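Below is one structure, written out as structure tokens; the observations come after it.
Since every read-out is calculated from the coordinates, none of them should be taken as a lab result. This structure is a prediction, so every number in the text was calculated from the model and none was measured. So basically every Cβ, Gly included, is an ideal-geometry build from the backbone, and we count neighbours across all protein chains shown.
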Amino acid sequence: MMAAEIELPDLDVRLVAMRRRHLRSVLRIEAKVYPVPWSMSLFLSELALRSSRAYYVAFVGRQVVGYAGLMMTLDDGHVTTIAVDPAWHRNKIGTRLLLALAYEARRRGATSLTLEVRLGNKGAQHLYRLFGFRPVGVRKNYYAETKEDALVMWAEDVSDDEYGRLLAAIEAGVPGTTEVEDQPL
């Protein structure tokens, strides 16, 4: 093992479809990680759009440690949000959530995935690149509250067997267990 590598614990993580009862915990994390967090009403409106949305929360034990969302538009899946409680960073929670979104997008017929990420968030960009996302452009001042630009990233051909193998390889590299308890739809 290289000196820079850190041994990750074998966590048991449960992913469940986000429900109204999870929103207080979700909003606590949202406030920790975003300068202008989404509101309760925005989350509620997203959750109401079940036919085109999928939101998950990640639990370790009884604690919500992260969440993520997907919006489907025709055959494109758009990652609307993904966040992990800072106390749980570097435990592959974000990887597990992104896996769930990618699998759900494939299940719903997506042929591509897209997202925006802050230009300065190199850690998230690295994760997205592992999932086959590539930069395709920049949206100037996308994050109005901080006047920060967004890097637009796309993963193409996500319905192909090759992408399925990529997801399986990523999943195989996550220590511990990940249980997806119920589908958002």
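Among residues other than GLU30 with Cβ under 12 Å from its Cβ, the summed charge is +2 (Lys and Arg +1, Asp and Glu -1).
With both labels modelled 7 Å from their Cα along Cα-to-Cβ, the HIS89 to VAL136 distance reads 2.9 nm. Using the Cβ-Cβ distance between THR177 and SER41 with R0 set to 45 Å, the FRET efficiency from 1/(1 + (r/R0)^6) comes to roughly 0.85. When shorter helices are ignored and each DSSP H run of at least 4 residues is given -39500 (n - 2.57), the per-residue value for the chain at 222 nm works out to -9000 deg cm²/dmol.
Model label points for THR73 and TYR34, set 7 angstrom from Cα along the Cα-to-Cβ axis, are 1.7 nm apart. Taking other residues whose beta carbon is less than 9 angstrom from the beta carbon of THR80, and scoring Lys, Arg as +1 and Asp, Glu as -1, yields 0. Taking Lys and Arg as +1 and Asp and Glu as -1, the other residues whose beta-carbon sits under 13 Å from that of GLU162 total -2.
Overall shape: rounded for the range 12-180, with the ratio a/c of the largest to smallest alpha carbon gyration tensor axis below 1.5.
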